[in-house]
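Undergrad: Sharing a structure here in structure tokens format.
The values are calculated or read from the model by the stated rules, or taken from the named source; none is laboratory data. The structure presented is a predicted model; accordingly, all values stated were derived computationally and were not measured. Here Cβ is always computed from backbone atoms with ideal geometry, including for glycine, and neighbour counts include all displayed protein chains. To get the accessible areas, we keep the full protein, side chains included, count just its heavy atoms, and leave off ligands, DNA and RNA. Shrake-Rupley method; radii C 1.70, N 1.55, O 1.52, S 1.80 Å.
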Amino acid sequence: MLKIFLSVSPLSLYPRIIINVIKNDILRLYSPSSAVIGLTYLCQCQCVHCSASLYKKDTRGELTLAEIKKLLDEIKSLGVPRINLSGGEALLRKDIFQIIKYARNKFVTVLETNGQLLDEEKAVELKAEGISCVAVSIDSHKPEIHDKLRNLGGCFKKAIRGISYCLRNKVPCLISTYITSERNNPDDINGMMALAGELKVLAVRIIPPRPVGSFSCHTSSLLSSGQEQCLTRDINHRIAYFKGIPAPKNCGIFTKSTFYISPYGEVQPCAFLPLSFGNIRRRPLRVILNEMWDHEIFNFPDRNCLILNKEFRKRYIPEEKNSLFPIEIVK
């Protein structure tokens, strides 16, 4: 994964990347390596696995361009070398290219997209504004399955076309996918590897499913620890990675390696953990993060992904169907 990371990183950012690696991997002075910024929860798809389906969707409350620029400055001051611009669908933001342009000399900037709006004109503009990498979601190498999982006909065809536009314009591109217990088999895994090789993308990022949002009730589809170990062992490590290479024993929120900012400015440990510890509109990001990392949830004995822990979900995540995320954590 480091090789992939460095291949999309501007030379000017190498010092910050190296300092971050030294602080985390050598000195164990845990410092965030990445931040994910949700730009909007609006999306054309209705994915069966969507972690954002229970979040409020009100564009009037989204962070403005000025607020996002201020946020990017705050994130940079923390020494974070990489940001992921996510959604919903980030390309639905009309100011997306202004955001990317402002971030270009501050971070390795990754755009997360479903690929539906990724035409050649946008690929050219992404290249011009300095995007580091585009991650296009492909849930299956089989078009009919991908479209069904996303509840959007023709979704696969547009996503593949979007990848080709990026690569044609020399924009580094990777496939972002997820694998459930039902699709953790040689046909699906090798099929995705073959698709990636055919498209000549940079990598395949495999994300484990999580019981949150639309996927809350699909616990039977989650990967067991044994299945995760087999998946980590069996994937083609020259092109694919799963939760890092190898998969870390502890979730990154426990080493402060990542955090998430919602489209409305709420600070969360990650996008899969719908708990808000404060809003950047009211308090500085650094203050909220320090309070978040000092919270009792980080003393949970199970240091795997907390949303997988039944005891944790019962204690912090309400079961009411009408509950909207995020859930505010009161000190």
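Undergrad: If R₀ is 41 angstrom, what is the calculated FRET efficiency for the pair SER220 and ALA66, using the beta carbon separation as r and rounding to 0.05?
TA: That pair, SER220 with ALA66, gives E of 0.35.
Undergrad: Another one. Cα centroids of the stretch 1-67 and the stretch 116-180: how far apart, whole angstrom?
TA: 18 Å
Undergrad: Taking the Cα centre of the stretch 27-157 as origin and charging only Cβ (+1 Lys, Arg; -1 Asp, Glu), how large is the dipole, in debye to the nearest 20?
TA: 340 debye
Undergrad: Excluding ligands, DNA and RNA, what is the solvent-accessible area per residue of the chain at a probe of 1.4 Å, expressed in Å²?
TA: Dividing the accessible area of the chain by its residue count gives 47 Å².
Undergrad: Then there is this: For the residue pair ASN304 and LYS142, what label-to-label distance in nm results when each label sits 7 Å from Cα along the Cα-to-beta-carbon direction?
TA: 2.8 nm
Undergrad: Using a Gaussian network model of the chain whose springs link C-alpha atoms within less than 10 Å, name the residue from LEU222, LEU27, LEU126 with the highest mean-square fluctuation.
TA: LEU27
Undergrad: Sticking with this structure for a sec: When the distances between all Cα atoms of the stretch 40-137 are binned every 5 Å from zero, what whole-number percent does each bin get?
TA: Each 5 Å bin holds this share of Cα pairs: 2, 12, 23, 24, 20, 14, 4, 0.
Undergrad: Moving on. May I have the pair-distance distribution P(r) for the stretch 89-176, computed from all Cα-Cα distances with 5 Å bins from 0 and rounded to whole percent?
TA: Whole-percent P(r) values from 0 Å outward: 3, 16, 26, 25, 16, 9, 5, 1.
Undergrad: For the stretch 84-98 and the stretch 250-319, what is the separation of their C-alpha centers, rounded to whole Å?
TA: 23 Å
Undergrad: Could you give the nm distance between label points at LEU29 and ARG161, where each point is 7 Å from its Cα heading toward the beta carbon?
TA: Roughly 5.1 nm, to one decimal.
Undergrad: I would also like to ask the following. Please report the carbon-and-sulfur percent of the accessible area for the chain; probe 1.4 Å, protein heavy atoms only, DNA, RNA and ligands left out.
TA: Accessible surface attributable to carbon and sulfur in the chain totals 54 percent.
Undergrad: Using 0.36 nm per residue of separation minus the Cα-Cα distance, give me the extension gain between ARG233 and ASP294 in nm, one decimal.
TA: That pair, ARG233 and ASP294, stretches by 18.5 nm at full extension.
Undergrad: Let me ask another. Quick check for me: using +1 on Lys/Arg Cβ and -1 on Asp/Glu Cβ, what's the dipole size of the stretch 123-188 about its Cα centre, in debye to the nearest 20?
TA: Result for the stretch 123-188 is approximately 280 debye, rounded to the nearest 20.
Undergrad: Measure of size requested: the Rg and Dmax of the stretch 171-307, with Cα atoms as the atom set and Å as the unit; please supply both.
TA: My reading of the Cα-based Rg and Dmax gives 17.0, 50 Å.
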